[in-house]
1. Could you give log10 I(q)/I(0) at q = 0.09, 0.13 Å⁻¹ for the chain, computed by the Debye formula over C-alpha point scatterers of equal weight, without solvent?
2. So if the hydrodynamic radius of the stretch 274-415 is defined as the Kirkwood radius over C-alpha pairs, what does Stokes-Einstein give as its diffusion coefficient at 25 °C and 0.890 mPa s, in µm² per second?
3. Report the one residue of LEU277, GLY239, LEU330 whose Cα lies farthest in the direction of the positive end of the charge dipole of the stretch 236-340 (charges on C-beta: Lys and Arg +1, Asp and Glu -1; origin at the Cα centre).
4. Among the listed pairs LYS197/LYS241; LYS372/LYS412; LYS288/LYS372; LYS155/LYS182, which have their C-alpha atoms separated by more than 19 angstrom in this model?
5. Quick one: check the C-alpha center-to-center distance for the stretch 255-272 versus the stretch 1-69, whole angstrom.
6. Lys and Arg at +1, Asp and Glu at -1: add these up for the other residues within a Cβ distance under 11 Å of ALA86 and post the number.
7. Which whole-Hz ³J(HN,Hα) couplings does the stretch 360-370 yield from phi under the Karplus relation 6.51 cos²θ - 1.76 cosθ + 1.60, θ = phi - 60°, glycine and proline marked x?
8. Express in whole angstrom the spacing between the alpha-carbon centres of the stretch 189-212 and the stretch 91-118.
Amino acid sequence: MDHDLEIFPLLSYVIHHSDPASHAPPSLTIQQSLANRYPLLTNPHVISSLIESIPSTITQTLFVFGSLGPRPDPSAVSSARAKIVAIRENDSLSPEDAAKEEQFYAAVVKLEEVHEGYERQLRDLEEELSRVYASAVESLDGGDEVNVEVLSVIKEAEDGGVVERIDLSDRGLKLLPDALGKIVGLVSLDLSRNDLKFLPDTISGLEKLEELDLSSNYLRSLPDSIGLLLNLRILNVTGNKLTSLPESIAQCRSLVELDASFNNLTSLPANIGYGLLNLERLSIQLNKIRFFPNSICEMRSLRYLDAHMNEIHGLPIAIGRLTSLEVMNLSSNFGDLTELPDTISDLANLRELDLSNNQIRVLPDSFFRLEKLEKLNLDQNPLELPPQEIVNQSAESVRDFMRKRWEEMVEKEQVKSVIEAEQQQGGAAGWLSWGNSIVTGLFSGGTHGGAAKKDSYLDQQL
């Protein structure tokens, strides 16, 4: 589909910037051609105007257009039309035979007409975008859209002034000039609570930037170039209209805090955990996320994870690798979250866990191993184990209940193993050898074929 769109270069460029996750960028050759023909195409006001002019039905139109397959060869279409005329002029054929012979050629002609119809729609849109571009460029002459304060800050930097922190929050900004990306010494930039719909690619020029606040705007996407902000430590994009985060965000390896809450995210970048190894706080609540990528389990520095009010269906099996995690909020995923993996008990430093408003029925048997857990919220779950009267008491009560249940399970397994040993080996010798083997296996975590890592709690009992 994207390859076919290159015959509409301006449209291809605009839909890529409106939804980078779904549409590939045009080729470098096309981009160079566009730069020559539309020199102000990267201007935030211009590209924002172009994106707004795209009709809401474009996604469906592009899907159908991409599903049509290759357009018939012109000579094949001409030949098909000639065949149809010849068949209709052949009086020796009955109407039924004529219709049967005409069917194949008519399909070729019909496919050509459908192609032409959709291409005409896209061609008209391409021309409309060209007119919108001209209008947007003309409106730049007045300079009304660019806040005077922004221009003065840029001028100060251009005159050699040292500008490290800029607060442009609550200014009603609708666009940012490309020149903002040339303030190379900038460390902190606050653009919160404005009317921004687009962030220019030139943001990547802020090489020393450590804090970027874009909260409470109208951003639908972030530029891929944001991955070049290698010193960025805090990124706040809460309260926008983001449907995805760029894969390049994983390159922001200095990131310590990421707040992408209250957007329209349906997923996180697959590689996010492999790059953000220093991330300590991840806030993604109030989105539509269904699954965590497996790479999130590589965020060994993560201390705080808030994913409430999503559509989370479960946690990755390797979630226990987040050994630095202290606070986790998975509340209000409602009917989607029904169980927890046993590996959640490996979160040795977890202090607060909120699982309220879900559909969890049973806690993992090893839940008692969360020794540092102080706050546990299990409200509004159809819990069967532990029973509700235990849950209503405290996190310690839940932990004690699960520990006693585990001890009973171990004891029953021991008795069962001893009986089996007596039956198979017979006599006192059999009891001693099998009993010692089973107890050693249970309390060390051993299996047939090699020793496994010991469980500290079971070692104490032994």
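The values are calculated or read from the model by the stated rules, or taken from the named source; none is laboratory data. Just so it is clear, the model here is predicted, and its values are computed rather than measured. Don't worry about glycine lacking a Cβ; one is built from the backbone with ideal geometry, like all the others, and counts go over all protein chains shown. Protein only, heavy atoms only, side chains kept; ligands, DNA and RNA dropped before computing areas. Shrake-Rupley method; radii C 1.70, N 1.55, O 1.52, S 1.80 Å.
1. Relative scattering, expressed as log10 I(q)/I(0), comes to -0.79, -1.17.
2. This corresponds to a translational diffusion coefficient of 159 µm²/s.
3. So the residue we want is LEU277.
4. Flagged as over cut-off: LYS372/LYS412; LYS288/LYS372.
5. Spelled out, the Cα-based centre of one part sits 25 Å from the other.
6. 0
7. 7, 9, 9, 8, x, 4, 8, 4, 5, 6, 7
8. 57
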